[in-house]
Every structure is written in structure tokens, then in C-alpha cells.
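The values are calculated or read from the model by the stated rules, or taken from the named source; none is laboratory data. Computed from a predicted model, the values in this text were never measured in an experiment. We place every Cβ from the backbone using ideal geometry, glycine too, and count neighbours over all the protein chains shown.
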Amino acid sequence: MNWRKDPPMNKYNSNDVTKNENRINGDVKKSRKTSGKASIAGEADKASQTSGSAPAEAKQLPDFKFSMANQPLRKMPGGTAREATAREFPVSQNIAAVLMTLRPGGLRELHWHANAAEWAYIIEGSVRVTILDPQGRLEIADFVKGDIWYFPRGHVHSIQGLGPGKTEAKFLLVFDNGYFSEFATFSISDWLAQTPKEIVAKNLNVSPDELTTLPKSEVYIAEGPVPPKTGVVPISGPGTFLSPPLSHKYQLRSQKPFVKSSSCQVRLASAGEFPISTTMTGALMTLHRGGLRELHWHPNADEWQYVLSGKIRLTVFASSGLSSVVELEPGDIGFAPMGYGHALENVGEGTAELILVFNSGDYQELSISTVIAAQPSYLLESNLYLPEAVIKKLPRKQEFITSGHHARP
Ligand code: MN
Ligand code: MN
């Protein structure tokens, strides 16, 4: 997290890094192995092996851009959902997302995810979540614009629209597995519908006749009245469930930002700021007109991007002479795989705002300005063929976000 302060430029805790990278690499391998699809690294390897004599199409990279807005809408009376999983967006093997809306009272039913943790950002409106962990600890919390949540894998949760008024809540759900959806999201209505009625009745201490109104299939999004503002207690009574030691909620937009100027701000929640978020880091970035989030890479995580407003040019360097440039507009997703060099530039007329999600709770990066500032001048002369006069002008510390400085004193 060196970018939130000025140097020291490289101060990673090597123990944490090793531990985290082992875990991430393990997850990546597992996911790619079971996916049955070519990994990004695999495609790049194939292209590099054949470079030189290969036909042009062998050098093509996967698409690093995906339009969420063009996805089919799953529409229900209580709300809507659109998905971007690895099936639709193959480069994103380890991160998937859902853009969801809920009307006031609309209820994303009780469910859990067998293979992914869930991270969310509230774009508009307000929702209430209930979340129960395996230790039987309960959190019921309301979320407004700019708040995020993190639900560890397997923890059961619900989400309900609170308005205000007739406002539909709109939020982004991001999962640390590109295949979170298929055969891995477990809904309570589906479960009870698929279980013999006498077993359900025996389990719930009622007669099968009393369960005739249970849903016959998965509800997914239900409709209900808007929940009361206060005094919400479980049916077991007040105080019957303890609260978890770590909250699932973090107010990202209220965080004091890392500021370069009034129109350029970055807020970030890794496990350091938001301790329960052990496998994901989220950030909210406002980029001024012409602003460039400089060339950099993340040694331990993929980066998933969602544009809220403005126009962003994403460049991705894939090694072996391969790179890609795409332009992202509001509702578009961009992706930079782990270790791939990338940069983000605001090429629109105004300020741009985007959400960034990384599939590690330990935020790490290396920027080109840091890499260059760390080298002796003779090395840069030999490596980059630059004369001493130009080397004198190069950055002496990390730029992070820049507009370019054509002349330095
Ligand atoms: Mn969920
Ligand atoms: Mn990045």
C-alpha cells in the first residue's frame, strides 16, 4: 500500500506476501484446472511459443473488456439481476459479478455461495442485509451509497431493498471465483422445495399440511413490505444471537481519501482497513480529466474494474510482445490479470469514477515510476537507450496518478 503515502517505496512484509501468494496461487490453479477452459496465461504462452512465424490470429489476446449493460436481464417483480461470470467474460476466471436492483421491500432470498466470498458496493439507494456466520453470530445492517460488504464463503445472507421512498437500490456484487454462479449458489427456497415434505415438516416441528404454501421452486428475489426502520429482532427474541467480532460492513465512500487533487481521489479497503475482507480488496477511484493511473502491476491479485461514470482507456501488457487497449464506458467491466502490466487513463470530457476489486485482501503493487526511481542512471542508459539529460527528468518517486510533467526543475 505504498501509494497512500510517499516513499518508502518497497516495504512489503515478506512473511505476509509469501503466505498470501501461496494461497492465491493455490486458488488460481484449482480454478483453472477445473474450468476446462484455456487460462489467460496459457493463451499467452501459446501465442509466445508460436511468435515469429505464427499467423496473426495466433497472437490475439482475450477481450479485457465486457459490457454488463448488454447482458440479458433476469427480471422479477422484486428486482433485477445481470451476471458477468467466466462463461460470458472468459478472461475473468477468478472474479465474477452481478449487477442487482431491488425495489423497496424486494428481497434477495436467504442463500449462500459454496465456492466464493461476496463483496458488494452500493451504487444507489439503501438495503438491509442479514448475515449469519458458522459460529451462529448474527449481523443485521443497513447499507447506503458508497458502503461495501464482505461475506466470507459459505455464510448465509439475505439482501432487502429499503428505498428510500420509491428508489430502487442498485448495487454491484463481486465474487472471488469466476464460476460462483453455476451449481454453487444455494437458495433456501430451492433447498426446501427439493427436500421431501415429511423431512422438512419433521425438521421444523410442524405438520406437512402446514407447509403447503412453501415455494415449489427457487424464489431468488421475493417481494415483501419494506422492513421497519428499527426494532428488528430474530424470531428467537432480542439478544439470542451474539454479534460477530468483525463487522461485514465498511463505509468506503466516507474514508479519508488518498488525494492528489480535488478531482482525483482514491479510497481503498484491504484487510488492513476492513479486517473481515481477507480474500478481497476494493477501491473507489475518481480520476480527473486527462488523469493517468500509471503503468503498474499487482504481484498477488487480478484486478477487476467497473466504470461508474466517464470514459476510461485501459491498456494491458500481456508479455511476449502482446498488449491490448480498450475503452470503457459506464457499465463496462475491465480486467487486468495478476502480474499483467496495466494503466488507466481518463479520456473523457469530465471526471471519471470507477470501482476496482482485487482477489486478495493483501493489496500489493509495483509502479513503473518506482521501478525506474530505484535504478542507477547507468542501468537506465543501457536498458532504455536514454541519454543522461532525459534520465535527469524521470520521476524520483512513485507518481501513482499523473497528468504528465513535461519539464521538471
Ligand atoms: Mn450472495
Ligand atoms: Mn491496477
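Okay, here's what the table says:
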{"item": "Ser236 vs. criteria within 21 Å of Ala141 (Cβ to Cβ), part of a loop (DSSP other than H, G, I, E, B) and at pLDDT 95 or above", "result": "yes"}
{"item": "Test: residue in the stretch 342-361 that is hydroxyl-bearing (Ser, Thr, Tyr) and either closer than 22 Å to Cys264 by Cβ or surrounded by fewer than 22 Cβ atoms within 10 Å (Cβ to Cβ) (or both)", "result": "yes"}
{"item": "Qualifying residues in the stretch 257-311 (those that are at pLDDT 95 or above, of a type in the set (D, E, K, R) and part of a loop (DSSP other than H, G, I, E, B)) - the one farthest from Tyr340 (Cα to Cα)", "result": "Glu273"}
{"item": "Every residue from the stretch 282-309 that is more than 13 Å from ligand 2 (Cβ to nearest atom), of a type in the set (A, V, I, L, M) and under 14 Å from Glu345 (Cα atoms)", "result": "Val307"}
{"item": "Among (1) away from ligand 2 (no atom under 16 Å from the Cβ); (2) over 15 Å from Leu287 (Cβ atoms), the one test that Thr351 misses", "result": "(2)"}
{"item": "Options Val206, Val219; residue that is surrounded by fewer than 14 Cβ atoms within 10 Å (Cβ to Cβ) and among the aliphatic types (A, V, I, L, M)", "result": "Val206"}
{"item": "Qualifying residue in the stretch 399-406 (condition: buried (at least 16 other Cβ atoms within 10 Å of the Cβ), without any contact (Cβ under 8 Å) to a residue 40 or more places away in the chain and in a strand (DSSP E or B))", "result": "no"}
{"item": "From the options Val219, Val156, Val174, residue that is within 16 Å of ligand 2 (Cβ to nearest atom) and in contact (Cβ under 8 Å) with a residue 24 or more places away in the chain", "result": "Val174"}
{"item": "Qualifying residue in the stretch 191-198 (condition: out of contact with any Cys (no Cβ under 6 Å at 6 or more places or on another chain) and touching a residue at least 40 places away in the same chain (Cβ under 8 Å))", "result": "no"}
{"item": "Conditions (1) without any contact (Cβ under 8 Å) to a residue 60 or more places away in the chain; (2) within 30 Å of Leu172 (Cα to Cα): number failed by Asn383", "result": "(2)"}
{"item": "Residue satisfying condition, being surrounded by fewer than 22 Cβ atoms within 10 Å (Cβ to Cβ) and within 14 Å of ligand 1 (Cβ to nearest atom), within set Leu102, Leu132", "result": "Leu132"}
{"item": "Number of positions in the stretch 329-348 that are out of contact with any strand residue (DSSP E or B) (no Cβ under 7 Å at 6 or more places or on another chain) and within 13 Å of ligand 2 (Cβ to nearest atom)", "result": "2"}
{"item": "Test: residue in the stretch 206-213 that is free of Cβ contacts under 8 Å to residues at least 60 places away in the same chain and touching an Asp or Glu at 6+ places or on another chain (Cβ under 8 Å)", "result": "yes"}
{"item": "Residue match in the stretch 83-92 (condition: in contact (Cβ under 8 Å) with a residue 12 or more places away in the chain, surrounded by 21 or more Cβ atoms within 10 Å (Cβ to Cβ), within 16 Å of ligand 2 (Cβ to nearest atom) and under 20 Å from Asp332 (Cβ atoms))", "result": "yes"}
{"item": "Some residue of the stretch 357-379 being of a type in the set (Phe, Trp, Tyr), farther than 25 Å from Ile148 by Cβ and within 14 Å of ligand 2 (Cβ to nearest atom)", "result": "no"}
{"item": "Enumeration of residues in the stretch 276-317 that are touching a Cys at 6+ places or on another chain (Cβ under 8 Å) and either among the β-branched types (Val, Ile, Thr) or within 16 Å of ligand 1 (Cβ to nearest atom) (or both)", "result": "Thr286"}
{"item": "Failed condition for Met280, given (1) surrounded by 18 or more Cβ atoms within 10 Å (Cβ to Cβ); (2) within 19 Å of Glu399 (Cβ to Cβ); (3) in contact with a Phe, Trp or Tyr (Cβ under 7 Å, 6 or more places away or on another chain)", "result": "(2)"}
{"item": "Hey, Phe335 out of contact with any Leu (no Cβ under 6 Å at 6 or more places or on another chain) and either without any contact (Cβ under 8 Å) to a residue 40 or more places away in the chain or basic (Lys, Arg) (or both) or not", "result": "no"}
{"item": "Contacts under 8 angstrom Cβ, first residue in the stretch 288-304 being aromatic (Phe, Trp, Tyr), partner within 16 Å of ligand 1 (Cβ to nearest atom), 6 or more apart", "result": "Trp304/Ile95; Trp304/Ala97; Trp304/Val174; Trp304/Val357"}
{"item": "Residue in the stretch 370-378 that is buried (at least 19 other Cβ atoms within 10 Å of the Cβ) and either over 30 Å from Thr286 (Cα atoms) or not hydrophobic (A, V, I, L, M, F, W, C) (or both) present", "result": "yes"}
